[in-house]
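I'd like to ask you about the structure that follows.
Please treat every number below as a calculation from the coordinates, not as lab data. If you're wondering where the values come from, they're calculated on a predicted model, not measured in any experiment. Neighbour counts run over all protein chains shown; Cβ positions are idealised from the backbone, glycine included.
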Amino acid sequence: MSFLNSVPFLLSLLISIPVASIMPSHDTPANQAFDQAMTSMHTQMQNVKMTNNPDTDFAAMMIRHHEGAIEMAKIELRYGTDPRLRRLAQEIIVTQQSEIELMQLALKRPQLPSQK
C-alpha cells in the first residue's frame, strides 16, 4: 500500500470516520453494468463446449468475447463522456458485430482441410 493510498485510512482513524464513507464509491451504475457484462462474457466463454477443433473452438469462444466487448461499448456510450472513447465504442460495436457474423458463417460452413 503506497503512502497516498493510506492517507484516507489514516485520516479515518484520526477523526473516527469509517474508511468506506470517505472513499469514492465503486458501486456506480456504470461499474455494476461493467461487472455484469464481464461476468456474463466469462460465463458464456467458459460454457462453450470444446470440440477439439481449434478453428471451431476459437470462433465459438471469440463470438462470446466479441459480444462482451459490444456490451461494454454500449455501457461506454450510456455512461462515458470522453468523445474519443465514445467514438471508439461506436467503432467496436460495428467492427466486432461484423467479425461475429464472419465467425458465425465459419461455424456454419467450415473449410475443408484442402481449402486451408
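Which whole-Hz ³J(HN,Hα) couplings does segment 88-102 yield from phi under the Karplus relation 6.51 cos²θ - 1.76 cosθ + 1.60, θ = phi - 60°, glycine and proline marked x?
Ordered by residue, 3J(HN,Hα) equals 4, 4, 5, 5, 4, 4, 5, 5, 6, 5, 5, 5, 4, 4, 5 Hz.
Let me ask something else about it. Calculate the FRET efficiency for T95 and F58 from the Cβ-Cβ distance with a Förster distance of 25 Å, rounded to the nearest 0.05.
0.90
From the convex hull of the Cα coordinates of segment 26-110, what is the mean projected area in square nanometres?
In nm², the orientation-averaged hull projection of segment 26-110 is 6.0.
Express in nm, to one decimal, how much length is gained between V48 and T81 on full extension, taking 0.36 nm for each residue of separation and deducting their alpha carbon distance.
8.4 nm
Please list, in chain and number order, the residues 5+ apart from G80 or on another chain whose amide H is under 5 Å from its amide H, with Hs placed from the backbone.
It is none; the list stays empty.
Which value, in debye to the nearest 20, describes the size of the charge dipole of segment 26-110 about its Cα centre when Lys and Arg Cβ atoms bear +1, Asp and Glu Cβ atoms bear -1, and nothing else is charged?
It comes to approximately 180 debye.
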